[in-house]
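Here is the structure we will look at.
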Amino acid sequence: MKKRFGIDIDGTVTCPASMIPFINQAFELNLTYEEVNEYDLTPFVNVPEDVFAKWFLENEPLIYKGSPLAAGAKKVLNRWKQQFELFFISARGPQLLEVTEKWFQRHEVTYDHIELIGSHDKIDAAKRHHVDLFFEDKHDNAVMIHESCNIPVILFNTPYNQDPLPDGVIRVNNWDEADSWVQQWLKKQMALKRTPKENQLARG
Ligand SMILES: [Mg+2]
């Protein structure tokens with residue numbers, strides 16, 4: 001049976017710096033990706049929380065439409081598509097499904113399923129879909145998914161997710177490193193399924 005991957009979208013499949021140019025333009029700031037060291041962007045803008053929240057809601061479709069792919073994501077995901085089931089599980093609201101699907105089509109990234117849950121609590125979706133691995137950029141999500149679902153979680157390294165990690169949450173710098181980790185993990189999974197005799201033969 002194919003392994004099933006749960007994959008976050010924003011900051012994981014899309015470039016983690018996607019939001020910055022939109023914010024700089026809207027609020028006349030000069031923020032850099034490197035200085036944004038928290039997931040929540042509210043402290044970095046010069047407007048009250050409710051104003052920023054309203055701006056974000058209104059501009060989400062534009063931001064998602066214009067988000068570039070993360071470096072290497074397309075190559076690795078399209079290599080994985082034969083081997084694994086790719087379930088994209090995002091905190092985006094369900095009303096953004098069309099803009100999200102179009103983005104995947106335009107960037108030629110294939111998927112088996114897209115689920116927009118409208119909240120950061122992905123544990124239920126990860127359990128319901130029985131994913132074997134999860135890919136995230138949000139630190140607390142990665143830790144919670146790992147602990148609640150008892151699966152490894154790959155965390156894409158960003159300035160805003162630098163807190164320490166438990167074993168079982170694996171920090172990678174890019175999609176190539178994620179792919180290397182997955183290939184090693186897969187070998188171990190296959191070895192676990194084989195009998196000792198088959199393992200002896202596999203080792204040659
Ligand atoms: Mg994300």
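Any idea what angle helix 139-149 forms with the longest principal axis of the chain, computed on alpha-carbon atoms, 0 to 90 degrees, nearest 10?
Helix 139-149 sits roughly 40 degrees off the main axis of the chain.
With an 8 Å cut-off on Cα pairs and a minimum separation of 6 or more residues, tell me the relative contact order of the chain in percent. Numbers along the way, then the final one.
Details: 282 pairs, mean separation 49.5, N = 204.
Worked out over the chain, it gives 24 percent.
What relative contact order, as a whole-number percentage, does the stretch 141-204 give when Cα pairs under 8 Å and 6 or more residues apart are counted?
On the way: 40 pairs, mean separation 15.7, N = 64.
Reported relative contact order: 24 percent.
Compute the FRET efficiency between F44 and D140 as 1/(1 + (r/R0)^6), taking r as their Cβ-Cβ distance and R0 = 25 Å, and round to the nearest 0.05.
Working: r = 18 Å, r/R0 = 0.74.
In this case the efficiency is close to 0.85.
Which links in K3/K102; K2/K193; K3/K127; K122/K193; K2/K81; K74/K102 stretch past 19 Å when you go from one Cα to the other?
Beyond 19 Å: K3/K102; K122/K193.
Report, in debye and to the nearest 20, how large the dipole of the chain comes out about its Cα centre when Lys and Arg carry +1 and Asp and Glu carry -1 on their Cβ.
In debye, rounded to 20, the chain gives about 1500.
Would you order M19, M190, M1 from fewest to most other beta-carbon atoms within 10 Å of each residue's own beta-carbon? If you can, show how the numbers build up before the last one.
Numbers: M19 20, M190 12, M1 5.
Ranking M19, M190, M1 by Cβ neighbours within 10 Å, fewest first, gives M1, M190, M19.
In what sequence do T12, T100 fall when counting other Cβ within 10 Å, fewest first?
If I rank by nearby Cβ atoms, fewest first, I get T100, T12.
For Y39, what charge total do you get from the other residues with a beta carbon under 9 Å from its beta carbon, if Lys and Arg give +1 and Asp and Glu give -1? Intermediate results must be reported in sequence, preceding the final value.
Working: positive: K138; negative: E38, D40, D137, D140.
Net of charged neighbours comes to -3.
Taking the mean number of other Cβ atoms within 10 Å as a proxy for protection, how do you rank 32-38, 137-143 from highest to lowest?
137-143, 32-38
Using Cα atoms only, what is the angle between the long axis of helix 175-193 and the major principal axis of the chain, expressed in degrees (0 to 90) to the nearest 10?
Compared with the principal axis, the helix lies near 30 degrees.
Values in this text are rule-based calculations from the coordinates and carry no lab data. Quantities reported herein were computed from a predicted structural model and do not represent experimental measurements. A quick note on method: Cβ atoms are made from the backbone with ideal geometry, for glycine too, and the neighbour counts reach across all protein chains shown.
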